[in-house]
Amino acid sequence: MNRILLTASAAGFSLVPTLAFAQDSAQKQPLNITAITIFALFVLATLGITWWAAKRSKTASDFYTAGGGISGFQNGLAVAGDYMSAATLLGITSLVYMRGYDGFLYAIAFFMGWPVLLFLMAERLRNLGRFTFSDIVSYRLDPKAMRIMAACGGLIVVFFYLIVQMVGAGELIQLLFGLEYNHAVITVGVLMTVYVVFGGMIATTWVQIIKATLLLFGGTLLAVLTFAHFGFDFGRLTTAAVAVHKDGAAIMGPSVLLRDPVQAISFALGACFGLLGLPHILMRFFTVPDAAESRKSAVYASGFIGYFFLLICILGLGGIAIVSTNPEYFVGGKVGGAMIGGSNMVALHLAQATGGNLMLGFLSAVAFATILAVVSGLALAGAAAVSHDLYANVFRRGKAAEGSEMKVTKIATVMIGVIAIGLGILFKGQNLAFLVALAFGIAASSNFPVLILSMYWRGLTTRGALAGGITGLVSAVTLVILSPAVWKNVIGFPEAIFPYDNPALFSMSAAFLMAFIVSKTDKSVRAQAENAAFEDQYVRAQTGYGRAAASNH
């Protein structure tokens, strides 16, 4: 089942939520007719939306950004849907179940990036960007070099995330629906491809909106049912959880997570600033009509995500008080032993305990729909990087016809879908926890430093941006390989060379430092011109003036 890598060592406490499922715990279950029926209805509804969206996706703007016609509220729901994966519902709930307040701290770390995104980036993203975040980093810097680097960094993040999501989809469906793993992976890959190829951003956005609504509704309903067991008294809930948990009152305060400050800070930086470098999240801020709606998107998304994390805290405590005392949910009926389906079945067992099989089926279907929606957003972001950044603006030097660019986008989407299915089958049964750390590490260390410096620092040059981005990318990958998550747990060496699972504190710092040093020492004529062009970019970033007439830079 959905596994969270929990390792306590000399290096500290590592918490990496992932959709990598353990083969030994993902045993095939009887067909869950309720879950399959609800999910089938979701698929039919979203395919209908895709058919409707296909008639509206006529231009590149329609395909990549829904023609900029999504409202702030709608986009806020869609952005929240892109960010709230099945790991959010299942993984963090089980983390609160196991570690109490530490699990809540974990959720806070992944929430911290949203206020930063709101205040530092949301408005400038909308005013400076067109289709992808590479439009921004190439605004006044060398467009060819910057687009290649941004597209490569974005594609690496997309594929790492896709692997984790596809493996998670296969194991989750195998566990909950009783379907074969390979069939589940192929189903997700085909549906993802259909959504993106035919419906583009319009279809993907509405898939995310429906999914986010279902997830918020399901989480709220489950929290209400849980609260009802304790007379809607939070004090009674926490008292009951403390009374039955093996750590007692210790679960109501931070414990292992903050034991190693370096590990905690590195993890928090990666979780916070990794968000600000995820291409499928950044891409959504180009779908609204203006900067005001972009800010509203960030505000609504922050509200929805923050609210959902609060629900998860309640669900985790409810799991301790209700699930952990019920022998029905443990192998052999032995309370405190191995949980049926794996430790991250807490939320689903809680659903069955409080709402019966109907609630279990509904939440299972929502978890699957969540994965399907997330992979669709990832596929669209990857296809945009290939067609808009590489094909249209690098290979064709900004002179590609819109029709040919759209054709390349759809071909790229099909290729990404095929590759995603192949990787999902290839990595079946593997513990891919390190890929989540790697994806966030690369996003925080390669994409984010270049993006934020290009927006705010006049002195950034192309050479500095390339040096910083490449340094962040290489150092993040290297440090994750040398970390306990890979060097010990995957490769099998007795001791890791790099003692921390999360590289962001080191790789992100190296990226900023290298970008600063190289930019400062770059005295070329081009560097001076790039510095001078900052004034035009600053006006555009603040006002949006000239954006409608902008094309490729």
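Across the range 328-346, the number of residues qualifying as assigned to a helix (DSSP H, G or I), without any contact (Cβ under 8 Å) to a residue 40 or more places away in the chain and either basic (Lys, Arg) or in contact with a Lys or Arg (Cβ under 7 Å, 6 or more places away or on another chain) (or both) comes to 0.
Among the residues of the range 480-488, is there at least one that is more than 23 Å from the chain's Cα centre (by Cα) and at pLDDT below 90? Yes, there is a match, as at least one residue in the range 480-488 is more than 23 Å from the chain's Cα centre (by Cα) and at pLDDT below 90. The helices (runs of 4 or more DSSP H) found wholly in the range 231-290 and carrying at least 3 residues that are more than 30 Å from ASP62 (Cα to Cα) and at pLDDT below 90 occupy 261-275. Taking the conditions (1) over 26 Å from ILE163 (Cα atoms); (2) surrounded by fewer than 22 Cβ atoms within 10 Å (Cβ to Cβ) in turn, ILE108 satisfies each one other than (1). Filter the range 401-418 for residues that are part of a helix (DSSP H, G or I) and among the hydrophobic types (A, V, I, L, M, F, W, C); which is modelled with the lowest pLDDT? Among them, the one singled out is MET406. All of ALA321, ALA338 fail the test of being buried (at least 18 other Cβ atoms within 10 Å of the Cβ) and either touching a helix residue (DSSP H, G or I) at 6+ places or on another chain (Cβ under 7 Å) or β-branched (Val, Ile, Thr) (or both), apart from ALA321. The selection criterion, being assigned to a helix (DSSP H, G or I), surrounded by fewer than 20 Cβ atoms within 10 Å (Cβ to Cβ) and within 18 Å of the chain's Cα centre (by Cα), does not hold for TYR300.
A quick yes/no check of all residues on (1) modelled with pLDDT of 85 or more; (2) within 24 Å of the chain's Cα centre (by Cα); (3) surrounded by fewer than 24 Cβ atoms within 10 Å (Cβ to Cβ); (4) not basic (Lys, Arg):
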{"position": "LEU6", "(1), (2), (3), (4)": "no, yes, yes, yes"}
{"position": "TYR64", "(1), (2), (3), (4)": "no, yes, no, yes"}
{"position": "SER85", "(1), (2), (3), (4)": "no, yes, no, yes"}
{"position": "THR93", "(1), (2), (3), (4)": "yes, yes, no, yes"}
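Cβ-Cβ distances below 9 Å connect no pair with a first residue in the range 119-139 that is on the phi > 0 side of the Ramachandran plot, a second residue that is surrounded by 24 or more Cβ atoms within 10 Å (Cβ to Cβ) and assigned to a helix (DSSP H, G or I), and a separation of six or more residues or different chains. With respect to the stated conditions, LEU225 is at pLDDT 85 or above and surrounded by fewer than 24 Cβ atoms within 10 Å (Cβ to Cβ).
The values are calculated or read from the model by the stated rules, or taken from the named source; none is laboratory data. Bear in mind that the values here come from a model prediction, so they are computed numbers and not experimental data. Methodologically, a virtual Cβ is constructed for each residue, glycine included, from the backbone with ideal geometry; neighbour enumeration extends over all protein chains shown.
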